[in-house]
Amino acid sequence: MTFCYSRQYLPESEKIKVLIRDSVQVLMDEMEIDFEGFGSKTFKRMDKLAGLEPDDCFYIQNNVAMRGIRKLDMTIDPPPDLAIEVDVTSKTKFDVYRTLGVPELWLYDQSLKIYILCDGDYVESQLSPIFGDLPIRDVIPQFLEISLSQGRSAAMKAFRLWMQENLS
């Protein structure tokens, strides 16, 4: 059985995880995209002997189906549409994400990489299908840097301003 969860988090990876999550939520709010956030929920498929616990995840295309869900059954419920891994101390298990069928995976390890599930394999992409032509890979790390030097509030304020200017 392959399971990938219950890591010990370092303060650095927790801060990065929260800032990326907050950035995704700002993106979806500014773009008026409905979503359900499931945080670092553990996803298990006993029939496929696979399980994982992303650092954060979101249901976007499947948000309506997941509203009000109190107990997940991965044999009938869809996987999250977007999973986020901050890989400061561990290595992401692509095979587990593939087995569960997570369509989009963001991996932050000194830079932000976007992986899209295509024909059963993850392919690195410059853009996120969820957010269209916004240069997510370049923009989010810029605001992570601002947060490290000026704090979270300043970074989120600057990010909201950037979104408003670039979505007009």
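Computed from the coordinates by the stated procedures, all read-outs in this text should not be read as laboratory data. Owing to the predicted nature of the structure, the values given are computational and were not obtained by experimental measurement. With ideal geometry, Cβ positions are generated from the backbone for all residues, glycine too; neighbour counts draw on all protein chains shown.
Pairs of alpha carbons in segment 81-168 separated by more than 20 Å make up 42% of all such pairs. Scalar couplings 3J(HN,Hα) for segment 18-29, obtained by applying the Karplus form with A = 6.51, B = -1.76, C = 1.60 to θ = phi - 60°, are 5, 5, 5, 4, 4, 5, 5, 5, 4, 3, 5, 5 Hz; x denotes Gly and Pro. Taking amide H as placed 1.01 Å from N in the peptide plane, the amide H of V86 sits under 5 Å from that of D55, Y108, each at least 5 places away or on another chain. Each label was represented as a point 7 Å from its Cα along the Cα-to-Cβ direction; for T75 and D121 these points are 3.2 nm apart.
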